[in-house]
Amino acid sequence: MRQLYKSLMLVSCLCLFTCFTACDDEDIPDNYYSSTKVTAAGFIEQDDARFSGFRAILERSNYFTLLSTYGKFTLFAPTNDAVNKYLGENGYRSVDDIPIELCDTLARTHIVNKGAYFTTDVVDDALPETNMNDRYIVISCDSDVNNNNVTIYYVNKRARIIERDDSVTNGVVHVIDNVLTASNRFLPDLIDEDEQLTIFSQALQLTGMADSLTKYIDLSYSCSNDSVTDGVRVFYGGYWQYAHFPEKRFYKYTAFCETDEVYRKAGINNLDDLVAYAKQTYDQVYPQDAGRYDEDFKNRKNPLNRFISYHLINRMGNYGDWVSSGEIKSQCCVMDVYDPEDFYETMAPGTIMRFCSPAHGLFINRKGLARNASVQGVKVLSPSESGQTDQSALNGVYHYIDNVLAYTKEVRDVVLNCRIRVDGTTMSPDFMNAGARGHFGEDYLTGFKNDYIADWKLSDETFIGVHSNELHWHSYEGNAVCITGIYDVAMKLPPVPSGTYEIRMGYTVGVERGVVQVYLSNEPCGIPIDLREYGPATNIGWVADGENEEENTANDKAMRNRGYMKAMDSYRSAGGNVFRDNTENLRRILTTQYLDENQTYWLRFRQVLKDPECHLSFDYIELCPKSIYGSPEGEDRH
């Protein structure tokens with residue numbers, strides 16, 4: 001296992017990209033099959049000697065015709081050898097023996113119908129769009145030690161890509177050596193099947209948290225085909241556009257799991273050892289509960305329950321989903337001053353995780369810049385670093401981590417003693433479970449029905465949508481939550497360690513934005529904010545930075561006295577200025593208040609103007625502890 005890990009780490013260093021981007025024609029890689037006349041269906045049809053079995057599956061399920069139509073498809077095409085292997089493993093004499101419903105599932109598993117994705121864009125992550133079965137396709141890589149260490153690509157850890165990036169008129173085809181099948185196990189069952197996770201799985205079952213990971217589809221949710229396919233007309237950003245609604249509402253989860261080997265390195269050899277470790281750790285964090293719930297493992301205050309719950313998040317997150325990645329990271333994040341990061345509430349009450357992504361990986365609860373971190377944190381292993389085990393369940397995914405993860409006193413008092421900047425698109429699990437957060441590369445708006453957004457409360461006159469990631473957008477992480485109509489909306493704040501915080505809203509201004517009154521738990525936060533007001537000529541006090549740093553600092557203080565701050569210097573739109581230099585990117589200080597980690601707080605926004613075309617482009621919030629904003633050195637500008 002250790003040798004495999006080293007080998008895969010080497011491969012990761014050779015990989016050029018860490019995200020997925022749909023390609024236009026000019027992005028097609030050189031030296032591969034390319035046709036200006038043949039569709040994906042034609043590619044299969046013209047090579048019957050290799051693909052007759054897969055063609056039969058497509059034709060029996062009526063998807064062969066779809067692949068001859070206009071669109072952007074990514075097709076994973078198993079060879080006849082692969083299909084014959086599948087038939088033998090499952091006791092079928094021919095494709096005709098496969099039940100028609102299963103043929104339909106197999107066909108849909110191999111087709112992504114919302115983008116053409118090449119391996120030059122795809123490394124060590126899931127495709128940003130699901131296949132036609134609403135499941136993510138994961139690409140990992142390894143090095144072929146018998147062939148000059150050439151990179152080998154795998155699909156869902158099972159199928160090797162033996163011919164890649166075959167461009168056709170309506171997308172791209174990748175030839176694979178195994179039929180793709182997806183596990184229908186729920187997340188706790190898939191974890192239980194992993195022979196490397198025996199201790200974690202036992203604890204998951206003992207605490208009853210496995211029972212909390214068994215939801216999948218909200219059967220009360222429905223959406224018309226018109227709203228899904230054609231979209232609903234919405235006025236946003238100064239013009240009318242169409243918002244497309246999710247066809248289904250999913251419940252999904254993510255688990256971050258230590259292998260038995262990781263536990264052994266920490267002196268944890270069985271479940272009893274883990275119980276003792278959890279007690280030692282959480283009795284220090286919660287001394288008021290020490291010894292009170294030790295035998296009641298399903299109690300949310302039990303140490304082992306808290307330990308396991310802290311490994312769980314109630315949303316689907318593939319490896320590249322947790323922080324800015326891909327082109328957003330490479331073109332927009334100013335990496336020499338700030339590692340891209342985001343914060344997420346866990347299923348352990350009153351706790352959050354801090355994710356960050358320096359150049360050398362994805363980490364949980366790390367503090368510091370790049371390789372000079374003062375707290376190293378726990379590394380999340382990429383798909384290529386995780387071996388050949390398929391970690392994607394029907395209702396979520398799990399990731400291996402390289403060290404023991406816990407909500408320790410160091411995490412609470414040191415790692416989370418920071419400016420907690422929360423992107424708006426992370427503030428509901430529905431935004432991520434629907435694939436709206438991180439939808440990249442086009443002007444696309446995902447709409448949400450008012451009664452089906454977890455952690456949000458909306459009036460009937462409110463529309464909520466999540467805008468896709470755009471490199472040139474003047475919004476943090478290239479996206480925003482669109483709030484429009486004569487809106488009245490409240491969002492639940494993530495829990496933070498108890499203390500006094502300055503609560504801020506990051507936003508972009510514009511003539512169509514309107515005026516908004518903000519409340520914290522229904523208490524007004526000052527006077528209404530005019531979202532149309534910006535620039536040096538206003539009473540905001542914005543003055544461009546000059547050569548004199550003392551003057552720049554004095555201008556910052558003058559802005560703070562008016563309740564405003566410039567935006568960060570750690571993010572820019574592609575090819576543009578850092579946001580600190582843009583007059584239209586602002587932070588508004590809403591209130592300063594003591595926040596208790598055991599209480600729930602709601603931030604409410606009410607449109608004051610009676611104009612249904614006014615909107616709020618909600619970008620992010622900041623929860624900044626007094627130790628940061630009130631430090632003698634002053635808060636950094638990142």
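The values are calculated or read from the model by the stated rules, or taken from the named source; none is laboratory data. A quick note: this is a predicted structure, and the numbers were derived from the prediction, not measured. With ideal geometry, Cβ positions are generated from the backbone for all residues, glycine too; neighbour counts draw on all protein chains shown. To get the accessible areas, we keep the full protein, side chains included, count just its heavy atoms, and leave off ligands, DNA and RNA. Shrake-Rupley method; radii C 1.70, N 1.55, O 1.52, S 1.80 Å.
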More than 18 Å apart - percent of Cα-Cα pairs taken over the stretch 322-376: 32 percent
For the stretch 58-112, diffusion coefficient by Stokes-Einstein and Kirkwood Rh (Cα), 10 °C, 1.306 mPa s, µm²/s: 133 µm²/s
At R0 = 35 Å, FRET efficiency that the Cβ-Cβ distance of residue 373 and residue 219 yields, to 0.05: 0.20
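Keeping the other protein chains in place, figure out the carbon and sulfur percent of the accessible area of the stretch 66-218, with a 1.4 Å probe.
Working: 2580 of 6050 Å².
Carbon plus sulfur share of accessible area: 43 percent.
Counting heavy atoms of the protein chains only and a 1.4 Å probe, report the per residue accessible area for the stretch 229-302 as a whole number of Å².
On the way: 3870 Å² over 74 residues.
With the other protein chains kept in place, the stretch 229-302 gives 52 Å² per residue.
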Calculated from backbone phi, Karplus (6.51, -1.76, 1.60) coupling profile of the stretch 357-372 in Hz, x at Gly/Pro: 9, x, 4, 9, x, 10, 10, 10, 6, 10, 9, x, 9, 6, 8, 9
Over the stretch 85-188, volume per residue of the alpha carbon convex hull, in Å³: 147 Å³
46 Å tail of the calculated P(r), the chain, as % of Cα pairs: 19 percent
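May I ask you to give the solvent-accessible area per residue for the stretch 449-497, in square angstrom, as obtained with a 1.4 angstrom probe?
Values: 1470 Å² over 49 residues.
Computed with neighbouring chains in place, this is 30 Å² per residue.
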Extension gain, residue 609 back to residue 638 (0.36 nm per residue minus Cα-Cα distance, nm): 7.1 nm
Tensor-based shape of the stretch 135-257 (alpha-carbon gyration tensor, a/c under 1.5 rounded, otherwise prolate or oblate): oblate
Approximate spin-label separation residue 360-residue 597, in nm, with each point projected 7 Å along Cα-to-Cβ: 2.9 nm
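Would you work out the Kirkwood radius for the stretch 588-638? I mean one over the mean of 1/r across all pairs of different Cα atoms, in Å.
After inverting the pairwise mean of 1/r, the radius is 14.4 Å.
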With every protein chain in place, the stretch 497-548: carbon and sulfur % of accessible area (1.4 Å): 51 percent
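For the stretch 96-192, what is the accessible area per residue in Å² when the probe is 1.4 Å? Kindly include the intermediate steps, with their values, before the conclusion.
Numbers: 3390 Å² over 97 residues.
Normalised by residue count, the accessible surface of the stretch 96-192 is 35 Å².
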Value of relative contact order over the chain, rounded to a whole percent, pairs C-alpha under 8 Å and six or more apart: 12 percent
Area projected by the alpha carbon convex hull of the stretch 405-507, averaged over all directions, nm²: 8.1 nm²
Spherically averaged projected area in nm², based on the convex hull that wraps the Cα atoms of the stretch 342-489: 11.1 nm²
Other-chain or far-sequence residues with amide H under 5 Å of residue 162's (modelled H): 175, 176, 177
Per-selection Rg to Rh, the stretch 210-278 - Cα, Kirkwood hydrodynamic radius: 1.35
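How do 63, 534, 236 rank by accessible surface area computed with a 1.4 Å probe, from largest to smallest?
Values: 63 30, 534 100, 236 5 Å².
From most accessible down to least: 534, 63, 236.
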Cα convex hull volume per residue for the stretch 495-638 (Å³): 127 Å³
Interatomic Cα distance distribution for the stretch 235-327, bins of 10 angstrom, percent: 13, 28, 27, 15, 10, 7, 0
Value of relative contact order over the stretch 209-250, rounded to a whole percent, pairs C-alpha under 8 Å and six or more apart: 43 percent
From the C-alpha gyration tensor of the stretch 159-226, square roots of 5λ in Å: 35, 24, 7
Length released on extending from residue 198 to residue 290, taking residue separation times 0.36 nm less the Cα-Cα span: 30.4 nm
Residue 146-residue 101 pseudo-label distance in nm [points 7 Å out on the Cα-to-Cβ vector]: 4.1 nm
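Expressed as a rounded percentage, what relative contact order does the stretch 29-119 have, with Cα pairs under 8 Å and six or more residues apart?
Working: 91 pairs, mean separation 31.6, N = 91.
For the stretch 29-119, the relative contact order is 35 percent.
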Principal semi-axes in Å for the stretch 382-450 [√(5λ), Cα gyration tensor, largest first]: 27, 23, 12
Accessible heavy-atom area order of 386, 224, highest first, probe of 1.4 Å: 224, 386
